[in-house]
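Trainee: The structure under discussion is supplied below as structure tokens; questions concerning it will follow.
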Amino acid sequence: MNDEAADPRDEMPGWKRNVAIFLTGQTISLLGSMLVQFAVMWHLTIVTQSGSVLMLSIVFGMLPQAFMSIFGGVWADRHSRKLLIIGADSAIAAITLALALLMLSGVDDLWLIYVALAVRSTFAGIQTPAVNAMVPQIVPAPQLIRINGINQSIQSGMMLLAPVVAAAIYASFDIVAVFFVDVVTAVLGIGMLMLVTVPRLVRHDDAAPEGAGPEKPSYFGDLAAGVRYIRGHGAVKWLMTIFATTMVLIGAPSYLTPLMVTRTFGDEVWKLTTNEVFWAAGMLAGGLAMAFVGTRVTHRVALIVGSTLAAGVLTAGLGLSTNMWVFFVLGLLIGVTFTLMSAPSMAILQETVEPEMQGRVFGFVGIVMTVAMPLSMVVFGPLADRYSVQVLLVVAGALLVAFVAAVLSVPSARRSLAAIARPATSEPAEVARDPAR
């Protein structure tokens, strides 16, 4: 399990084996986590039939991850990312096993489920930045878009598979059986990760002999350095701004479309299910497209900007649609555009951010991904009770298009994004020293 000392930007012999094992293990672990996510939601709905209970489950299941991502990013830059992932996965499996055993013994108080959700979310905040920061350590830079596309395809595929598997296990047995399945998948994922060779990351402040230079920064010093890094590097700052705004303005449509389906096309369950399947299929298709052609993408920022603009136009089209199947197809296309935006965005960050800063940067990315959609619903959810969903979808799409146009009108934003437009060559990326602020 000792990580080998090497430069993570070398040719990486055997990288395909490492990536195959890593993605397989993460897929198995992800399946278990998603089974728990769906099963807990259904269990609480059936047992309590309370909206407040579901709201609390979301709070306990999401907010700890958003908070812990701040520190998880720092740890990912200070410690072995591989060991952090293993430790977080082990802790999640342990709390899930404890909950399963307690429920088997007849203890099924709601607060136990809340505690388990909070603990799982906390360690997810440690695990996620470490996973994203470890990817460029085992993947050559030219392959990053492709591997991110494959990874997003896997996640989208799990969105289609997990509800079916969770329903089968929950209906045939009970929620405790789902918990045990999650523990098994976590153990398998950990075992496979232990087989992955990860180059040791050497920080600049680790290289100097003890006493020969300034002391190693504190945790909060590292955190502050991460904030300064994002704020001071134009390309990173603008890319994260685009990503965050897209998440907010696409998050609302993804949550509000079932409401529009019910109000406009009918409340049959098959219609709601079809809507969800089309969105997930779109993200799966976008991920597969990146997996096949990602290495041939030469204008990455053009793809990101074009996909974001297309997502805005298609979202407005959702609100204007009067035909149910046209509505479903538009949702599928939005799923495609979202993946075409997010896969190259993640690849650019993995490629251009210095290795010793990636944990902190992806910690803040984790906060964006965790908080953006709930924040979007805080804004758009109450409005959906006062105005038609159609109007809100048109407004969200128009705002996204206007936002992209506003960003492109800022000269410093154009210069910063131009610096990361093309994939890396054999020379190290220079975006970290991008003068455009």
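The values are calculated or read from the model by the stated rules, or taken from the named source; none is laboratory data. Predicted, not measured: the structure shown is a model, and the values here were computed from it. FYI the Cβ positions are ideal-geometry reconstructions off the backbone, even for glycines, and counts take in every protein chain you see.
Trainee: Out of Val277, Val261, I need the residue that is among the β-branched types (Val, Ile, Thr) and either without any contact (Cβ under 8 Å) to a residue 24 or more places away in the chain or crowded, with 20+ Cβ neighbours inside 10 Å (or both). Which one?
Mentor: Val261
Trainee: Please work out if Thr96 is of a type in the set (S, T, N, Q), crowded, with 19+ Cβ neighbours inside 10 Å and under 18 Å from Val371 (Cβ atoms).
Mentor: Taking the combined requirement at face value, the residue does not satisfy it.
Trainee: Determine the pairs where a residue that is in contact (Cβ under 8 Å) with a residue 40 or more places away in the chain, located within the range 345-369, has a partner that is assigned to a helix (DSSP H, G or I) and among the aromatic types (Phe, Trp, Tyr) with Cβ atoms under 6 Å apart, the partner being 6 or more residues away or on another chain.
Mentor: Partner pairs satisfying both residue conditions: Ser345/Phe243; Met357/Tyr229.
Trainee: Six or more apart or on different chains, Cβ under 6 Å: which pairs go from a residue in the range 114-137 that's over 15 Å from Met68 (Cα atoms) and in contact (Cβ under 8 Å) with a residue 60 or more places away in the chain to one that's of a type in the set (S, T, N, Q) and in a helix (DSSP H, G or I)? Could you list them?
Mentor: Every condition considered, the pairs that remain are Ala133/Gln358; Val135/Gln350; Pro136/Gln350.
Trainee: Could you run through the range 182-196 and say how many residues are hydrophobic (A, V, I, L, M, F, W, C) and touching an Asp or Glu at 6+ places or on another chain (Cβ under 9 Å)?
Mentor: Selection size over the range 182-196: 4.
Trainee: Here's a follow-up. Is there a residue in the range 309-318 that is assigned by TED's automatic domain parsing to the domain that holds Val401, over 14 Å from Val391 (Cα atoms) and within 19 Å of the chain's Cα centre (by Cα)?
Mentor: Yes, there is a match, as at least one residue in the range 309-318 is assigned by TED's automatic domain parsing to the domain that holds Val401, over 14 Å from Val391 (Cα atoms) and within 19 Å of the chain's Cα centre (by Cα).
Trainee: So if I check each of Gly331, Gly317, which one is under 30 Å from Ser57 (Cβ atoms) and modelled with pLDDT of 85 or more?
Mentor: Gly331
Trainee: Here's a follow-up. Quick check: anything in the range 58-75 at pLDDT 80 or above and polar (S, T, N, Q)?
Mentor: yes
Trainee: Something else now. Which one is nearest to the chain's Cα centre (by Cα) among residues in the range 341-391 that are closer than 15 Å to His233 by Cβ and of a type in the set (D, E, K, R)?
Mentor: My answer is Arg360.
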